[in-house]
Amino acid sequence: MKTPVEILLAVNLEGGRLEPAGDKLRVLLPADCAPELRDAIRQHKGELLGLLDARAANLPPDCVPWLYIARQVLEGEFAGADNSTVESLIIGLRGIRLPVCQQALARIQGTKRSGDRRKM
């Protein structure tokens, strides 16, 4: 399993289910599920959450990566980013009306106004 989509398909084939629970992922799998599938789910948790959120919000596939990026912004992974990166984040996030994207956008815009990227 290489991609989050392949992981979701494998979970479905196993008769399992993945559900978003805030920033956590609820994993429902049969007891005899392959350990490799469980490992893949752990490795791709953020991307899987993004896919599940996008599916629930009927987002087009090209918007799905922005959910993962929004979580990265909220976790501070873009602290100290240069102006070009900050502007790109603003452009990408502003069109997605999901709460996580709007929270990330507010955080970026707030740090941009204050001029302190370290807080981002």
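The values are calculated or read from the model by the stated rules, or taken from the named source; none is laboratory data. Treat the numbers as computed from the prediction; the structure is a model and nothing was measured. Please note: Cβ atoms are built from the backbone with ideal geometry, for glycine as well, and neighbour counts cover all protein chains shown.
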field: Qualifying positions in the range 65-94 - assigned to a helix (DSSP H, G or I), in contact (Cβ under 8 Å) with a residue 24 or more places away in the chain and farther than 19 Å from residue 45 by Cα
entry: 86, 92, 93
Flag if residue 49 is outside the structural domain of residue 96 (by TED's automatic domain parsing), at negative phi, over 13 Å from the mean Cα position of the chain (by Cα) and touching a residue at least 24 places away in the same chain (Cβ under 8 Å): no
message: Checking the condition not small (Gly, Ala, Ser) and not assigned by TED's automatic domain parsing to the domain that holds residue 4, which residue from 91, 41 passes?
response: 91
statement: Given (1) assigned to a loop (DSSP other than H, G, I, E, B); (2) over 17 Å from the mean Cα position of the chain (by Cα); (3) at pLDDT below 90; (4) among the charged types (D, E, K, R), residue 97 misses just (2)
- prompt: Is it the case that residue 69 is of a type in the set (A, V, I, L, M), under 20 Å from residue 94 (Cα atoms) and modelled with pLDDT of 85 or more?
  reply: yes
- line: Restricted to the range 1-49 and to residues being of a type in the set (A, V, I, L, M, F, W, C) and assigned to a loop (DSSP other than H, G, I, E, B), the residue surrounded by the fewest Cβ atoms within 10 Å (Cβ to Cβ) is 31
- prompt: Looking at (1) closer than 20 Å to residue 23 by Cα; (2) among the hydroxyl-bearing types (Ser, Thr, Tyr); (3) modelled with pLDDT of 90 or more, can you tell me which one residue 84 breaks?
  reply: (1)
query: Across the range 16-27, what is the number of residues that are in contact with a strand residue (DSSP E or B) (Cβ under 9 Å, 6 or more places away or on another chain) and either of a type in the set (A, V, I, L, M) or modelled with pLDDT of 90 or more (or both)?
result: 7
